[in-house]
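*Asks:* My structure is below; once you've seen it, I'll send some questions.
Values in this text are rule-based calculations from the coordinates and carry no lab data. Owing to the predicted nature of the structure, the values given are computational and were not obtained by experimental measurement. Neighbour counts run over all protein chains shown; Cβ positions are idealised from the backbone, glycine included.
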């Protein structure tokens with residue numbers, strides 16, 4: 001008898017995530033600021049719908065170029081952090097937030113998102129990560 005956990009694991013092993021979308025919005029005294037980012041993994045460059053019936057080889061190539069279920073949390077958190085920072089920058093640029101307030105919020109959010117991304121990637125936290133290039 002197959003359990004629910006076995007069925008979910010079977011689904012997860014066959015799942016190929018090709019696109020993630022992250023959105024953020026800020027309520028400001030002068031109105032809302034909204035940002036959305038989508039990221040997708042590259043394929044053969046031909047795009048969807050070129051071949052109505054893909055070959056088994058093409059299906060395997062697509063699966064290899066997609067994200068695994070293990071990757072999605074880190075990718076999503078990264079996109080969320082970028083969307084949030086972009087909202088803060090837009091709010092400061094439009095005068096909805098003073099620049100120093102937006103900068104403090106960006107710095108705090110960067111620290112918290114970095115912790116979540118490190119946790120998702122199973123990377124020990126460091127205070128001065130050489131991979132941090134500001135974006």
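*Asks:* Starting from the Cα-Cα distance between residue 103 and residue 11, subtract it from 0.36 nm times their residue separation and give me the gain in nm to one decimal.
*Replies:* Length difference between fully extended and current span is 28.9 nm.
*Asks:* Between residue 4 and residue 41, what is the spin-label point distance in nm, taking each point 7 Å from the Cα along the Cα→C-beta axis?
*Replies:* Computed distance between label sites residue 4 and residue 41 equals 2.8 nm.
*Asks:* Given the peptides 90-100, 4-14, 26-36, arrange them by the average over their residues of other C-beta atoms within 10 Å, most packed first.
*Replies:* Per-residue mean Cβ counts within 10 Å order the peptides as 90-100, 26-36, 4-14.
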